[in-house]
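Novice: Here it is, the structure, as structure tokens.
The values are calculated or read from the model by the stated rules, or taken from the named source; none is laboratory data. Keep in mind that what you see is a predicted model, and the values were worked out from it rather than measured. Positions of Cβ are backbone-derived with ideal geometry, glycine not excepted, and every protein chain shown enters the neighbour counts.
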Amino acid sequence: MIEIFLKTLPFFLIIGLGYGAGRMRFFPEEATAWLTRFVFYFALSAMLFRFSANLSLGEIYDTGFVLAYLCGTAAIYLLATAITLLRGRGIEEAAVEAQCAVIGNVGFLGVPMLVLLLGEQAIGPVMLVLAVDLIVFGSLIVILITGSRDGRVSLGVLRTVGLGLLKNPMIVSIAVGLSWAALQIPIPDPLNEFVSILGAAATPGALFAIGASLASKSAERLTTAGWLSFCKLVLHPAAVAVAALVLFEVERYAAGVMIAAASLPVAGNVYILAQHYGVAPHRVSATILISTALSIFTVSAVIAWIG
């Protein structure tokens with residue numbers, strides 16, 4: 001446990017460095033926004049392209065893996081939704097809180113950290129988790145909130161969701177990389193060096209951006225934020241573990257990567273959606289802050305356990 005904690009600590013120290021820079025206003029919110037954009041559209045996309053271009057769809061896709069992750073995640077999603085509705089909140093708040101309970105920071109934290117800690121063979125399972133989060137649950141929150149406001153789910157909403165997926169650089173870079181691999185075209189050395197150098201900026205850039213963005217988050221509404229953090233850091237990986245190891249008997253290594261990905265703290269894009277729709281942004285902000293702080297210990301514990 002101590003050995004794993006010491007291995008994960010440098011990642012969280014970079015997050016802490018970004019947080020300190022943000023709190024001291026040395027790195028203001030505007031700078032954080034631009035750094036996040038650079039990582040999202042360029043560095044992380046280059047990393048994902050390089051990873052996927054060296055794999056095949058057969059190496060990544062596994063029906064049992066997808067079903068296990070979907071079932072485990074859906075169980076916690078429904079639990080968080082039910083608890084929110086029992087508190088007398090509406091569908092919109094339930095959709096946002098459920099998103100907090102299951103959507104981890106796989107893109108910015110999981111891809112660089114889990115691949116370094118668990119080995120390059122973790123690339124496929126991590127990207128599959130990322131794809132399910134983006135395609136299934138990323139679409140679901142938009143459909144629920146918009147459908148609740150309009151009273152129905154229109155074709156316009158589905159079109160918006162589809163276009164959003166097509167414009168997401170993480171989805172695009174994975175799809176382009178897999179297509180490149182399917183065509184069995186060797187990556188030219190200059191292109192390979194280019195995406196390697198650019199992709200290398202993803203890990204420190206993403207971690208620093210996570211920390212700097214946390215500097216503007218507030219720790220209000222601690223009871224609800226604490227409950228949602230418990231869902232994300234404890235219940236979500238536990239449910240995924242049961243689904244992967246008991247219900248679907250996923251191959252052990254892939255199951256371990258899936259469980260580790262499920263243990264990650266709440267993703268920052270949940271706050272962006274909550275702020276965009278005007279639904280409980282302060283609650284989401286507090287959940288991201290608390291879950292990220294606690295994940296220093298919980299993620300280490302989960303990785304030590306799967307090891």
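Novice: Restricting attention to the stretch 97-113, which residues are at pLDDT 95 or above and either more than 8 Å from the chain's Cα centre (by Cα) or assigned to a helix (DSSP H, G or I) (or both)?
Specialist: Scanning the stretch 97-113 gives 97, 98, 99, 100, 101, 102.
Novice: If I ask for residues that are surrounded by fewer than 23 Cβ atoms within 10 Å (Cβ to Cβ), touching a helix residue (DSSP H, G or I) at 6+ places or on another chain (Cβ under 6 Å) and not β-branched (Val, Ile, Thr), which ones from the stretch 75-92 would you list?
Specialist: Looking only at the stretch 75-92, we keep the residues that are surrounded by fewer than 23 Cβ atoms within 10 Å (Cβ to Cβ), and these are 75-76, 78-79, 81-83, 85-92.
Next, only the ones that are touching a helix residue (DSSP H, G or I) at 6+ places or on another chain (Cβ under 6 Å) stay: 75-76, 81, 85, 91-92.
Answer for the stretch 75-92, where residues must be surrounded by fewer than 23 Cβ atoms within 10 Å (Cβ to Cβ), touching a helix residue (DSSP H, G or I) at 6+ places or on another chain (Cβ under 6 Å) and not β-branched (Val, Ile, Thr): 75, 85, 92.
Novice: Could I ask something else about it? Can you find, within the stretch 130-146, the residue that is farthest from residue 259 (Cα to Cα) among those that are touching a residue at least 24 places away in the same chain (Cβ under 8 Å) and not aliphatic (A, V, I, L, M)? Quick ask: steps written out before the conclusion?
Specialist: So in the stretch 130-146, the residues touching a residue at least 24 places away in the same chain (Cβ under 8 Å) come out as 130-142, 144-145.
After this cut, where a residue has to be not aliphatic (A, V, I, L, M) as well, the list is 133, 137-139.
Working: 133: 14, 137: 17, 138: 19, 139: 22 Å.
Out of the qualifying residues, it is 139.
Novice: Further question: One residue is enough: does the stretch 266-277 have a residue meeting the conditions among the hydrophobic types (A, V, I, L, M, F, W, C), in contact with a Phe, Trp or Tyr (Cβ under 6 Å, 6 or more places away or on another chain) and buried (at least 22 other Cβ atoms within 10 Å of the Cβ)? Quick ask: steps written out before the conclusion?
Specialist: Filtering the stretch 266-277 down to residues among the hydrophobic types (A, V, I, L, M, F, W, C) leaves 266-267, 270, 272-274.
Next cut, in contact with a Phe, Trp or Tyr (Cβ under 6 Å, 6 or more places away or on another chain) only: none.
No, the stretch 266-277 contains no residue that is among the hydrophobic types (A, V, I, L, M, F, W, C), in contact with a Phe, Trp or Tyr (Cβ under 6 Å, 6 or more places away or on another chain) and buried (at least 22 other Cβ atoms within 10 Å of the Cβ).
Novice: I'm trying to understand the selection: among the residues of the stretch 201-258, which are farther than 28 Å from residue 16 by Cα and under 18 Å from the mean Cα position of the chain (by Cα)? Quick ask: steps written out before the conclusion?
Specialist: Going residue by residue through the stretch 201-258, those that are farther than 28 Å from residue 16 by Cα are 239-255.
239, 240, 241, 254, 255 - these are the residues of the stretch 201-258 that are farther than 28 Å from residue 16 by Cα and under 18 Å from the mean Cα position of the chain (by Cα).
Novice: Also: Given the structure, is residue 307 over 26 Å from residue 37 (Cβ atoms), at pLDDT below 90 and surrounded by fewer than 24 Cβ atoms within 10 Å (Cβ to Cβ)? Talk me through it step by step, then tell me what you get.
Specialist: On the way: over 26 Å from residue 37 (Cβ atoms): yes; at pLDDT below 90: yes; surrounded by fewer than 24 Cβ atoms within 10 Å (Cβ to Cβ): yes.
Here the answer is yes, as residue 307 does meet what is asked.
Novice: Inside the stretch 198-213, can you point out the residues that are out of contact with any Asp or Glu (no Cβ under 9 Å at 6 or more places or on another chain), within 30 Å of residue 290 (Cβ to Cβ) and either hydrophobic (A, V, I, L, M, F, W, C) or outside any helix (DSSP H, G or I) (or both)? Spell out the reasoning first.
Specialist: From the stretch 198-213, those out of contact with any Asp or Glu (no Cβ under 9 Å at 6 or more places or on another chain) are 198-211; that's our starting set.
If we keep only those that are within 30 Å of residue 290 (Cβ to Cβ) too, we end up with 201-211.
Of everything in the stretch 198-213, those that are out of contact with any Asp or Glu (no Cβ under 9 Å at 6 or more places or on another chain), within 30 Å of residue 290 (Cβ to Cβ) and either hydrophobic (A, V, I, L, M, F, W, C) or outside any helix (DSSP H, G or I) (or both) turn out to be 201, 202, 206, 207, 208, 209, 210.
Novice: Which one is surrounded by the most Cβ atoms within 10 Å (Cβ to Cβ) among residues in the stretch 247-261 that are among the small types (Gly, Ala, Ser) and over 9 Å from residue 105 (Cα atoms)?
Specialist: At the first step, the residues of the stretch 247-261 found to be among the small types (Gly, Ala, Ser) are 254-256, 260-261.
Going one step further and asking which of them are over 9 Å from residue 105 (Cα atoms), we end up with 254-256, 260.
On the way: 254: 19, 255: 23, 256: 23, 260: 27.
Among them, the one singled out is 260.
Novice: Moving on to the next point. Please determine, by comparing only the residues of the stretch 1-31 that are at pLDDT below 90 and of a type in the set (Val, Ile, Thr), which one is surrounded by the fewest Cβ atoms within 10 Å (Cβ to Cβ).
Specialist: If we take residues in the stretch 1-31 being at pLDDT below 90 and of a type in the set (Val, Ile, Thr), then 2 is surrounded by the fewest Cβ atoms within 10 Å (Cβ to Cβ).
Novice: Based on this model, can you work out whether residue 55 counts as in a helix (DSSP H, G or I) and out of contact with any strand residue (DSSP E or B) (no Cβ under 8 Å at 6 or more places or on another chain)?
Specialist: Working: in a helix (DSSP H, G or I): no; out of contact with any strand residue (DSSP E or B) (no Cβ under 8 Å at 6 or more places or on another chain): yes.
Judged against the criteria, residue 55 is not a match.
Novice: Filter the stretch 76-105 down to residues that are in contact with an Asp or Glu (Cβ under 6 Å, 6 or more places away or on another chain) and in contact (Cβ under 8 Å) with a residue 24 or more places away in the chain and give me whichever is nearest to residue 214 (Cα to Cα). Steps first, answer last, please.
Specialist: Residues of the stretch 76-105 in contact with an Asp or Glu (Cβ under 6 Å, 6 or more places away or on another chain): 80, 84, 103.
Filter once more, keeping what is in contact (Cβ under 8 Å) with a residue 24 or more places away in the chain: 80, 103.
Values: 80: 23, 103: 17 Å.
It comes out as 103.
Novice: Of everything in the stretch 180-194, what is in a loop (DSSP other than H, G, I, E, B) and among the aliphatic types (A, V, I, L, M)? Give them in sequence order. Walk me through it before giving the result.
Specialist: Pass one, the stretch 180-194, residues in a loop (DSSP other than H, G, I, E, B): 183-188.
Within the stretch 180-194, 183, 185, 187 meet the criteria.
Each row is one residue, and each column tells you yes or no for (1) surrounded by fewer than 15 Cβ atoms within 10 Å (Cβ to Cβ); (2) outside any helix (DSSP H, G or I); (3) at pLDDT 90 or above; (4) basic (Lys, Arg).
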position	(1), (2), (3), (4)
146	no, no, no, no
178	no, no, no, no
196	yes, no, yes, no
223	yes, no, no, no
229	no, no, yes, no
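Novice: Scan (1) surrounded by fewer than 24 Cβ atoms within 10 Å (Cβ to Cβ); (2) among the hydroxyl-bearing types (Ser, Thr, Tyr); (3) closer than 20 Å to residue 290 by Cβ for the single condition residue 61 breaks and write down its number.
Specialist: (3)
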